[in-house]
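This report refers to the structure that appears directly beneath it.
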Amino acid sequence: MNRTRIAVIGVGHLGQHHARILAAMPEVDLVAVVDSRPERAAEIAATYGTAPLTDASTLIGRVDAVIVATPTVSHVEIALPFIEAGAAVLVEKPLASSLAEADRLVDAAAARNVLLATGHTERFNPAVTAALPLVSSPRFIEIHRLGAFPERSLDVDVIFDVMIHDLDLLLAVAVTSVEAVGVNVLTPRVDIANARVRFSSGCIANVTASRISRDRVRKARFFQRDSYVSIDYAEQEVEAYRLVSENGGRPVIQGGRVEVSSDEPLRLELADFVEAVRARRQPAVTGRDGRAALALATQVTELISKGAA
């Protein structure tokens, strides 16, 4: 089969890894990398053997798909012309700066029957894949996503930067109410936030995200009746324990480390996207999924704003 022509638009911290992975895929022709900084585009293009560009619009009609890994504020401006031209698009999270902008992308893709994916890489984390079949009816969920102060993604609150990954995962359960608090510590944006999410089942999720922590923590814990599941996103490790009564005797705890086949989540995400483009099927994480995660993140942010008023 013909190789799929793809370009990466925005080759900063994350976009460079999109270029690295796509350049190594035999079914992909990495047509170009695009960046507003000519020197950066040239550097990444030279590394991965492709063309450097500073104007994404020159690629319209020349590619089958694009990756949009630019600052969030530019997602609609860059992605929409490609959608309208019929090219598949993967937009890094968050899908857009607002729900109205997200709707423009989702509606345009639906109207033209164009593939639109959202870059929620934690969906492809092998630890998540291994753990979720063990999670059936949690009563309490605790998630911590903490990191040191970054040099990137400071154009958005920490909710849209990192908490949105966990909100996306929680959307598998029907959310009925949300409480939230957040603090601006080092920037004009919210740097640390906590959301308490209640589900129709009665389950409560306590989700904390911070970009001002000394320690890097990426963990989720699911507490169920008679069982417990723990995910370490960063180490790609899962532990599961359950209470077992044998022959009517005293209950004992069984379990331990769950086998996880480690892999790079971004590579798995891009493999799914490319296969979806080639097979003309929906990606694992659609534009509508990205819109749903953005809606919950927006709700958290609005609650924080009301609380600070």
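The values are calculated or read from the model by the stated rules, or taken from the named source; none is laboratory data. Not measured: the values here are computed from a predicted model. As a convention, Cβ positions derive from the backbone with ideal geometry for all residues, glycine included, and neighbour counts pool all protein chains shown.
Points to keep in mind about this one:
- Region 99-130 - residue that is within 23 Å of LEU296 (Cβ to Cβ) and polar (S, T, N, Q) and, of those, surrounded by the fewest Cβ atoms within 10 Å (Cβ to Cβ): THR129
- Counting only strands (runs of 3 or more DSSP E) that sit wholly inside region 197-250, those with at least 3 residues that are in contact with a Lys or Arg (Cβ under 9 Å, 6 or more places away or on another chain), in contact (Cβ under 8 Å) with a residue 12 or more places away in the chain and within 30 Å of THR187 (Cβ to Cβ) are 204-210, 217-224.
- Among (1) in a loop (DSSP other than H, G, I, E, B); (2) under 14 Å from LYS93 (Cα atoms), the one test that ARG291 misses: (1)
- Selection status of LEU270, assigned by TED's automatic domain parsing to the domain that holds ASP29, outside any strand (DSSP E or B) and touching a residue at least 60 places away in the same chain (Cβ under 8 Å): yes
- Of the residues making up region 174-193, those that are crowded, with 18+ Cβ neighbours inside 10 Å and without any contact (Cβ under 8 Å) to a residue 60 or more places away in the chain are ARG189, ASP191, ILE192.
- Restricting attention to region 194-226 and to residues that are surrounded by 19 or more Cβ atoms within 10 Å (Cβ to Cβ) and among the basic types (Lys, Arg), the residue that is modelled with the lowest pLDDT turns out to be ARG211.
- So SER97, is it out of contact with any helix residue (DSSP H, G or I) (no Cβ under 9 Å at 6 or more places or on another chain) and within 30 Å of VAL158 (Cβ to Cβ): no
- For ILE159, the conditions (1) assigned to a helix (DSSP H, G or I); (2) under 30 Å from PHE222 (Cα atoms); (3) out of contact with any Gly (no Cβ under 8 Å at 6 or more places or on another chain) are fulfilled apart from (3).
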